[in-house]
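All remarks here apply to the structure that follows.
Each reported figure results from applying straightforward, stated rules to the coordinates on display, with no laboratory input. Quick caveat, the model's predicted, so the values are computed rather than measured. All Cβ positions, even for glycine, are placed from backbone atoms using ideal geometry, and neighbour counts span all protein chains on display.
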Protein chains: 2
Amino acid sequence: MRSVVLLSGGLDSATCLAIAKADGTEPYALTVLYGQRHAVEIEASKKVANSLGAIEHKFVSVELSAIGGSALTADIDVPKDRDESQMTDIPVTYVPARNTVMLSLALGYAEVIGAEAIYAGVNALDYSGYPDCRPEYIAAFQAVAKLATKAGVEGKPIEIRTPLIMLTKAQIIEKGLSLGVDYGITHSCYDPVDGRACGHCDSCLIRLKAFESLGLTDPVLG
Amino acid sequence: MRSVVLLSGGLDSATCLAIAKADGTEPYALTVLYGQRHAVEIEASKKVANSLGAIEHKFVSVELSAIGGSALTADIDVPKDRDESQMTDIPVTYVPARNTVMLSLALGYAEVIGAEAIYAGVNALDYSGYPDCRPEYIAAFQAVAKLATKAGVEGKPIEIRTPLIMLTKAQIIEKGLSLGVDYGITHSCYDPVDGRACGHCDSCLIRLKAFESLGLTDPVLG
């Protein structure tokens, strides 16, 4: 059976792609380009898709910057060097409705190629500030997926799979390493400089710390 | 209070904008550009937004053609001169997950501007073939809207309003005319030739017939 894997080129989505494969699905990767970091993300996602054997790799651009409201799509500074106690509120890097937009596009792609599942690297633990990363949100989107599509009407709703949702970043890395993910080609940084991870945004700090907690060095930031 | 109105520039969405205004909201129009008919739709939606006094009018492009699967975004012929008995199946003009993508973008925009409602000209009667036009689909998306957003988390979920959902096309036109909608500037055609409505696609035929049933002439097609 076919699956669609939302692939940003980051650590989580790379792990998700490896899991989709390990689950025995034929993974079709979908990269949604919505921010200003296009070049870096395209490159990382291509490397990840190739390395993990995606059947196909589609790119869809959506101009979320036209809507604004986030440090990732508008001209707002990405916070740096925060400790975990500061990462609990909904952060300025929150892109309004981002996961709903990405899951919608994945749903459309899944319908076109006849995929039976969508894999999304949504994580509720490390990003507690994002409302659209919670299990109850995913359950609600599952209901939409069932009702929105031809496949659902015909009794075969497309399943939304979020295998990382309750894992810590360290557990995600352990899972990915066991499946052969090369984290050296992934890209998670919110604010890359000349195509390189900054090492100071929340996303960089979370992965740095997770590798450390496993007694490992982050191959990107180490 | 502010609202976001999904505005394609067609008959339904123009009526929706007029209703949003009549409801006492400050309407912010959002036009999602996803197909090949950009120029015609941009022009019609601008005229409608101006004519009905939208506070702001945003355009967001999303490259649904990269996903394919529809006569509206890919290279598939739009059916012509079908009678109603032929319009019951899910048609080739069905764009996979289109309403989910558009509502997601409206949700993001609503969140950014602090709107409390989203108006969408979804209609369950005249387009029975589209799964994402049914009331149960809208209810499911309402649950997503509640869980996906900062506003929802803070106890003020953004309301999805579909005032046309159970109206016939003729009832929609009557409603719009009572609110001063100028249907001469709207654009509903699936397959315009040199910027003009074809008069033969399902969308043209449905509106032609509805005006006729009211003893009126469609100002675009008549």
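For the reader, a short list of remarks on this structure follows.
- Prolate is the label for the protein assembly as shown, because a/c, from the alpha-carbon gyration tensor with a ≥ b ≥ c as root eigenvalues, is 1.5 or above and a/b exceeds b/c.
- Cross-link reach is defined here as a Cα-Cα straight distance under 19 Å, omitting same-chain residues fewer than 8 places apart; for residue A:169 the aspartates and glutamates meeting it are A:12, A:81, A:83, A:84, A:89, A:126, A:132, A:182, A:202, A:212, A:218.
- Ordering B:104, A:65 from the fewest to the most neighbouring beta carbons within 10 Å gives A:65, B:104.
- Only lysines eight or more places from residue A:175 in sequence, or on another chain, were considered; those with a Cα closer than 26 Å are A:21, A:46, A:47, A:58, A:209.
- Structural descriptor for chain A: relative contact order 24 percent, calculated from alpha carbon pairs under 8 angstrom and at least 6 residues apart.
- Placing a label point 7 Å from the Cα of residue B:81 along the Cα-to-Cβ direction, the distances to the matching points in the other copies come to 7.4 nm, shortest first.
- In summary, the lysines within cross-link reach of residue A:156, defined as a Cα separation below 17 angstrom excluding same-chain residues under 8 places away, comprise A:146.
- Under a model in which nothing but the beta-carbon of Lys, Arg (+1) and Asp, Glu (-1) is charged, segment B:2-213 shows a dipole of about 440 debye around its Cα centre.
- Between copies, residue A:43 shows label-point distances of 4.2 nm, shortest first, with the point placed 7 angstrom from Cα along Cα to C-beta.
- For residue B:171, inter-copy label distances in nm, listed shortest first [label point 7 Å out on the Cα-Cβ vector]: 5.0
- If both residues of a DSSP beta bridge must be in chain A, then about 10% of such bridges are antiparallel.
- Rg(Cα) / (2.2 N^0.38 Å) computed for chain B, rounded to two decimals: 0.96
- For chain B, adding -39500 (n - 2.57) for each run of n ≥ 4 DSSP H residues and dividing by the number of residues yields -11500 deg cm²/dmol at 222 nm.
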